[in-house]
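Right, one structure below, let's go through it.
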Amino acid sequence: MTAQQHPVAAPHRGTDTRARARAAALELFTRQGYEATSLRQIAEVVGINKASLYHHFTSKEAILQSLFEERGTEAAELLAWIREQPRTPRLLEEAVLRWVDTFTSEKLAGIRFMTANPLVVRELTDRDGGRIGNSLQGIADELVALLPRRSGEDALLVRMAILSINAAVQAAANTDVADSDIVAAARRSARALVRAIGSTR
């Protein structure tokens, strides 16, 4: 699967209907806009009727909320994990790469959606108190605290490493780069940024 192609599997029953509905919704939201997309269109792409989709999601907002809640939980879990680890020199790089490695094709599609629909995202994040952003800020603060010398430059490098996946998705826009290559490039970028910290001092 490439950055610009998000095919949905042929209709079938199973526990993956919810995931397929989310993938179809993100593709449609990104390609034609959130407001222009209906639940009926999402159901048609998935290969189910609208009533069946209602069993999983009662609104477009519910689809996005499920994605945001899942991502917020993952960020919170990483933050909790960081706080439980010994403060070793390797923790910074390991934590950043753990975050990058959580990104699947669906989550990369989520980044594309957020880029294409900033006003919708702002409204939804305001409602949930910015859970993802708060957890990412907490992760950044914990990792910056590991630095022996907390210069503004090095603190910024930590944040850039955490957001390397976002930068990779943006760089891959309008290309046919595969999602797996986007994640691989983000890993290399994140590792390089972490290892550059303090290198000029």
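The values are calculated or read from the model by the stated rules, or taken from the named source; none is laboratory data. Just so we're clear, the structure is a prediction, and the values are computed from it rather than from any experiment. Counting neighbours? That spans all protein chains shown, and the Cβs are built from the backbone with ideal geometry, glycine included. Surface areas here come from the heavy atoms of the whole protein model, side chains and all, with no ligands, DNA or RNA. Shrake-Rupley method; radii C 1.70, N 1.55, O 1.52, S 1.80 Å.
Does LEU39 qualify as being modelled with pLDDT of 90 or more, open to solvent by less than 40 Å² (accessible area, probe 1.4 Å) and closer than 30 Å to ALA140 by Cα? Considered against the rule, which asks whether it is modelled with pLDDT of 90 or more, open to solvent by less than 40 Å² (accessible area, probe 1.4 Å) and closer than 30 Å to ALA140 by Cα, LEU39 comes out as no.
Scanning segment 117-174 for residues that are part of a loop (DSSP other than H, G, I, E, B) and either under 30 Å from PRO86 (Cα atoms) or without any contact (Cβ under 8 Å) to a residue 40 or more places away in the chain (or both) yields a count of 10. Looking across segment 181-201, just one residue is part of a helix (DSSP H, G or I), at pLDDT below 95 and open to solvent by 70 Å² or more (accessible area, probe 1.4 Å), and that is ARG195. Restricting attention to segment 125-143, the residues that are buried (at least 17 other Cβ atoms within 10 Å of the Cβ) and either in contact with a strand residue (DSSP E or B) (Cβ under 8 Å, 6 or more places away or on another chain) or closer than 18 Å to THR73 by Cα (or both) total 8. Restricted to segment 75-105, and to residues there that are among the charged types (D, E, K, R), in a helix (DSSP H, G or I) and out of contact with any Lys or Arg (no Cβ under 9 Å at 6 or more places or on another chain), the residue that is surrounded by the most Cβ atoms within 10 Å (Cβ to Cβ) is ARG98.
Among the residues of segment 43-58, those that are of a type in the set (A, V, I, L, M) and under 13 Å from ALA24 (Cβ atoms) comprise ALA43, VAL45, VAL46, ILE48, LEU53.
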